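First up is the structure itself, then whatever we jot down about it.
The values are calculated or read from the model by the stated rules, or taken from the named source; none is laboratory data. Computed from a prediction, not measured in an experiment: that's the story for all the values here. For neighbour counting, all protein chains shown are included, and Cβ atoms are generated from backbone atoms with ideal geometry for every residue, glycine included.
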Amino acid sequence: MTVAGDLVTGDLVTGDLATNDRVTDDRATDDRATDGLAAALDRAAVVVCCGSGGVGKTTTAAVLGLQLAEQGRRVVVVTIDPAKRLADALGLAGGLTNDPTQLEIDATGELWATMLDTAATFDGLVRTNAPSEEQAERILSNRFYRNIAGALSGTQEYMAAERLYALHGDPRFDVVIVDTPPSRHALDFLEAPGTLARFLDHPLFKLLMMPTRRGLKVLNVAAQPVLRTIGKVVGGDVLADAIAFFQAFDGMETGFRDRADAVMTLLRSDATRYVLVAAPKRDTIDEARYFAARLAESSLAVSALIVNRSTPQFATPTTQRSTTQRSTAKRDRATASLWDNHDELAATAVAERAQLGDLVTDVAPAPVAWVPMLSSDVHDLTGLRQIRELLFGPATTTG
Amino acid sequence: MAGKGGVGKTTVTAVLARAAADSGLRVLAVDLDGKPTLGDLVGELPHLSLTAPDALAEYLEDHGLKRVAKRLAASGIIDVVSTAAPGIDDIVVLGKLKQLERSGDHDLVIVDGPAAGHAITFLLSARGLLDTVRGGPIRTQALDVLEMLADPARCQVVLVTVPETTPVNELVETAYALEERVGVQLGPVVVNGVDDGDDLEVAPGTDPALAAAAEFRNTRRALHRREIARLTDALAIEQIRLPHVVSSGLTADDVCILAAGLR
């Protein structure tokens, strides 16, 4: 099979994951793919992991974090997942908060983890940009604001970018790894500068605010048939809250926009790497191809593709399938089942790789790494280390 | 139907729809994402794609706001309405589902719902709106939806998972949240992709490649048994188990086979 980029099939993972005998396909130990993945992360300041839900994106983000920490870098991994999966994967029973927590790992670098709190991040942004404490409080206590801070579509993606930028500037960290929201909008912050400040470009804002020579002015609701209609459907008080909010927001757009521009410059720079995560299932592949196209539209390259949960490729048996397999002898039947099982898994592995073909072509020449379906769930540091080893080879002793 | 991403929620929705149709029920399968997957998987069964913008437009039309609805849709301002009152897009979808349920045209309306985390927000939208919207047609709609959600004879939530640690943990969390916060009745739990079967015996001297493949399979089966046992301990709810299918892309025919296996 011809594929773009290098292929690595991690060593077959069985039982304690420690078996390293050469029972898998020869490409298992292809050093070029390992090097390719390492090169993809070389000198990165930001790593963005994209992919649909359920492909092990959070775990992958944690594994990349572990790898960079073992290379001596100070890494913070940001997860957005409300289900606290990163906390699970990192074995943090207490869960994660908006403040980074340092993990105890045996490495020359450091590994920190944090969870995005959309509302708290938005609050921080309002406080930073408000000309006075009083104006900040007026916004923060507005009911409409409380509704949108967590719920407005796009807010989560925008705040993820904002949080990423803040952590990038934090002197405690060298690298920020971000696990994007599991939505198609995850990369919307790559659009034109104005759009990054999605919030300000929201149609409601445009509808309510009229540009005047002295800035923006809130429109008169009664004069706007559309607003009157909305008021009829949702109730006048809801609309009144919204208008009060935009009035309080007056004068803060410039600060928001400047910040948005800075975030986008970082995300478009060479210091930011995009890693696609997929699994060999049609819907996750479609989603990954969508992200690949989205990045290409913004003239950004995919740095690496990681395919999780793939069926391992087992070596071809050196013996021949017995011709007496139809025999009813117990021993022969057992051997026949072993052959059936081997062939079934081999056929699945081939089908999966064929299905991934277009995506692999899309991301060329980025390296492609295959992580076999593991025999147990990864929910602690030991599990992360094992995947790290599959992807990057044995840990180097740097100190 | 609710479950986290990657557990095969859409496939399971199609299988249950097919199984219900096979048993003689008039079934309507509904997707909420506007993607063609569910429609493809249920084959010739009645299917409806129901998205929030469409539901909202229809709602506005039903309330004598046809002209405005058209203008709103054209200018993309429907998003604005849902921003001004978060949850309004969810409530119009739930309202439409309620209308389908009440129509009497179907014995069972089976909905491929939003992903697990979202399912809670989605179903809580009715309650949330009652707090923010103090009058008008939306409030009436929210009250009707709440009545449907609270009646086990009319509405139940079926949670879907795969027999792996994190998905099982999330299913249990979601189950408690749905019962406590939404107050909706839980139907059976579906465990999808179960690889069951007897352990493969590896005799000494077996070809290493065959042995490795067998060991991989046995370990996965052991994991599945362990996780199903853990789920059984954590939730005293009936389980429907669907077998693991060796395929990387299911078709409507596979769905029929899986459904037949449930009988």
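Here is a check on your reading of the model: is residue B:210 modelled with pLDDT of 90 or more and closer than 30 Å to residue A:355 by Cβ? Judged against the criteria, residue B:210 is a match.
Whether any residue in the stretch B:102-112 is within 14 Å of chain A (Cβ to nearest Cβ) and of a type outside the set (D, E, K, R) is what I want to check. Scanning the stretch B:102-112, I find no residue that is within 14 Å of chain A (Cβ to nearest Cβ) and of a type outside the set (D, E, K, R), so the answer is no. When we screen B:182, B:162, B:111 for residues that are modelled with pLDDT of 95 or more and under 30 Å from residue B:227 (Cβ atoms), the only hit is B:111.
If you check A:379, A:342 for being over 17 Å from the mean Cα position of the chain (by Cα) and under 23 Å from residue A:180 (Cα atoms), only one passes: A:379.
Checked against (1) at pLDDT below 90; (2) out of contact with any strand residue (DSSP E or B) (no Cβ under 7 Å at 6 or more places or on another chain), residue B:229 passes all but a single condition, namely (1). The set of residues from the stretch B:114-134 being within 14 Å of another protein chain (Cβ to nearest Cβ) and within 16 Å of the chain's Cα centre (by Cα) comprises B:114, B:115, B:116, B:117, B:118, B:119, B:120, B:121, B:122, B:124. Residue A:72 fulfils the conditions (1) modelled with pLDDT under 85; (2) farther than 27 Å from residue A:187 by Cα; (3) out of contact with any helix residue (DSSP H, G or I) (no Cβ under 9 Å at 6 or more places or on another chain) except for a single criterion, (1). Once the stretch A:314-338 is narrowed to residues that are in a helix (DSSP H, G or I) and crowded, with 19+ Cβ neighbours inside 10 Å, the residue that is modelled with the highest pLDDT is A:338.
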